[in-house]
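Below is one structure, written out as structure tokens; comments come after it.
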Amino acid sequence: MGMKYFAGSAMADSTSSLTLLTTTDEHQYIVPYDYMSDTERDNIGLSKVFTLIEEERAERENTMLLSAGDTIQGSLVGNYEFAVEPLEDGETQTIVKVFNHMGYQAAAVGNHELQDYGMPFFEKAVAGSEFPWLSANIKEVETGDHYVEPYTIVEQEIDGEIVKVGIFGATPPQTMLWGSDHVSGILDFEEIVDAAEEIMPELREEADIVIALAHTGIDDSPKDSADARENAAIYLSEVDGIDAMILGHNHRHLPGDFDGVEMVDNELGLINGIPAIMAGSWGDALGAIDLELGKQNGQWRIAEASVRLREIDENVASHQEIEELASDVHDNTVEYVRTPIGTAGIGIASFFSRVADSPVTQVVNDAQLWWAEKEFAEGDYSDLPILSAAAPFQAGREDAEYFTNVKEGDITIGDVTDIYIYDNEIRVMKVTGAEVIEWLERSAENFNQIDPDSTEVQDLLDGGFSAYNYDVIDGVDYEIDVTQPEGQRITNVMFDGEPIDEDQEFLVVTNDYRAGGGGGFGPTERMDPVYAPSGLVNREIIIEYIEELGTVTPTPTDNWRIKPVEVAGPVHFRSHPEAYEDIVPGLEGKIEFLELDENGMGVFDLDIANL
């Protein structure tokens, strides 16, 4: 797919080729292995990506290798190196050693570089890297200096001449909230577009071409909205001077996954005419931007560009050199994953977690309430009732592989990570009954508004809503009226058998992402937690809870449900095609499997009138 990108007044007599090879959101998935499910995966892993990189380098004389960030945290390899066998002074993460071997020339700072394990862990990565980590929008509060280099200039020799490639990095500004425990008062995060405009004159003065290496996604919401500030690619493309963009954060693919998004050419990989690539996550694809460079009046310009993705599958070999670099930490992590801690009395799956109460959110809320009832038995907040909020983190992002599915029987460390995939820390908010309802209203944006008079097929779930923002709050009972507009869906909220008092105060156990304003939940955006024990990880509380009980049977309490409503036409939702194997009580006899969709997801009909 070729396209004219820069023509100017007259084209150069000849052009030279440069290919930008890209990955993003590697999240410590070095080899093709899913530690949460303790199984091999044939469609992920940097060891497979490196095989494709070597192919590209053999076929093309001039290449560069770049990462858009979220690299050092994610799989249990990261957790192992941070908490189980912590890195010592002078040691660096295995994935950084792998990056060095693969020949990366720059990486953007992703939000997960800082928000989970803190600045010292990231700084070990910086110290051990043979490439720069870049972010133009992170500055030190005390000095106003950039925390890492805002940009780098790579002098690339092409056909006997030097082309100066300027690369600047960017990080979601909400990292300041999501990682507030680690960065508050130390680092300041500017808006991505503002930082790009600030740095551009200096960068254009030094560089022949400029690449945005931005850990940011794609969203066509208004420019000043939280979604567009986090996923700023469309507005970033409007900054004068950017020649190409390498994106991440969304865990999606461009070209491919952004059909219908304004200003995005989903087939060619263009945003406002600028070539742009997003190479998925976990090493599931290698992205490439093929550039033809020509000189006009002594100045290098992009004459033509094309964008392509090479997705990983069973036909791509895992590179032996990368497997050898990762072998020790891989083996140790697998051994850790397989450590049994207790027994599951029932299967714990997330298949129906976005349409009915689920064992996945139940076991998290049970553990958090178990911890909080002990923690607040005495003291300033001992007289306040305790609620708990939990979301089904893996609930079918785009395909049938992205679900939690812990089988009945032994529970291992890996199973707990499958249930609670993030390295969040525990937080406790103090809110009123009215704010509980406001919290739940944001969660209820999980659903599309259903027209009861429509005879057409209606999809119940909003495909653009992230499952990790679908908080279920235990300790109250409530219904969700999906026929109502956003902000007016939560009804019949009961506490202790009575309608909730909107002035009554409650404690809500949650995590640092939510307590820092993550997800756009009103109460948690406006206020700070009343209890924030540093270093206490939600996942560790779940492990301790299971170890103490021995056997857990998190049967859903059905404290919430979709309000029954007569609808003239069918209402459908998508889940794992084998979801029937783990039907939750609230849906027995009320769903019917219809077909598989184009992504391998099962399409189900919901008897919404009889829930």
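Where a number appears in this text, it was derived from the coordinates with a stated rule and is not lab data. Fair warning: this is a prediction, and the values are worked out from it, not measured in the lab. Note that each Cβ is placed from the backbone with ideal geometry, even for glycine, and that neighbours are counted across all protein chains shown.
Just a few scattered comments:
- Between region 76-99 and region 501-578, the Cα center-to-center distance that results, in Å: 30
- Within the chain, percent of DSSP bridges classed antiparallel, to nearest 5: 70
- The count of lysine pairs in the chain that are at least 8 places apart or cross chains, and whose C-alpha atoms lie under 24 Å apart, stands at 10.
- Cα gyration tensor of region 3-333 - equivalent ellipsoid semi-axes, whole Å, descending: 30, 24, 19
- Using only alpha-carbon positions in region 217-284, the gyration tensor eigenvalues give semi-axes of 17, 14, 11 Å once each is multiplied by 5 and square-rooted (largest first).
- In terms of its C-alpha gyration tensor, region 122-257 has an oblate overall shape, because the principal axis ratio a/c (a ≥ b ≥ c, square roots of the eigenvalues) is not below 1.5 and a/b does not outweigh b/c.
- Relative frequency of Cα-Cα separations exceeding 23 Å in region 470-578, percent: 49
- Taking 0.36 nm per residue of sequence separation and removing the Cα-Cα distance, the residue 321/residue 123 pair yields an extension gain of 68.7 nm.
- Radius 11 Å from Cβ of residue 71, net charge of other residues (Lys, Arg +1; Asp, Glu -1): -4
- Residue 562 long-range amide H proximity, modeled H, under 5 Å: 480
- Cα-centre dipole for region 212-298 with unit charges at Cβ (Lys and Arg positive, Asp and Glu negative), debye to 20: 280
- Positive-end residue, region 97-176 charge dipole about Cα centroid, Cβ charges, pick of 156, 105, 138: 138
- Taking every DSSP beta bridge that has both ends in region 3-333, the antiparallel portion is near 65%.
- Using the Karplus relation 6.51 cos²θ - 1.76 cosθ + 1.60 with θ = phi - 60°, the per-residue 3J(HN,Hα) values for region 456-471 come to 7, 5, 10, 7, 6, 9, 7, x, x, 8, 7, 4, 5, 9, 8, 6 Hz, with x marking Gly and Pro.
- Between 0 and 90°, nearest 10: helix 359-375 axis offset from the chain longest Cα axis: 70
- Using Cβ point charges alone (K and R +1, D and E -1), the dipole size of the chain about the Cα centre works out to roughly 700 debye.
- Taking every DSSP helix (H) stretch of at least 4 residues in the chain, weighting each as -39,500 (n - 2.57) and dividing the sum by the residue count yields a mean residue ellipticity at 222 nm of -6500 deg cm²/dmol.
- When the alpha-carbon atoms of region 339-560 are used, the pair Rg, Dmax equals 17.1, 56 angstrom.
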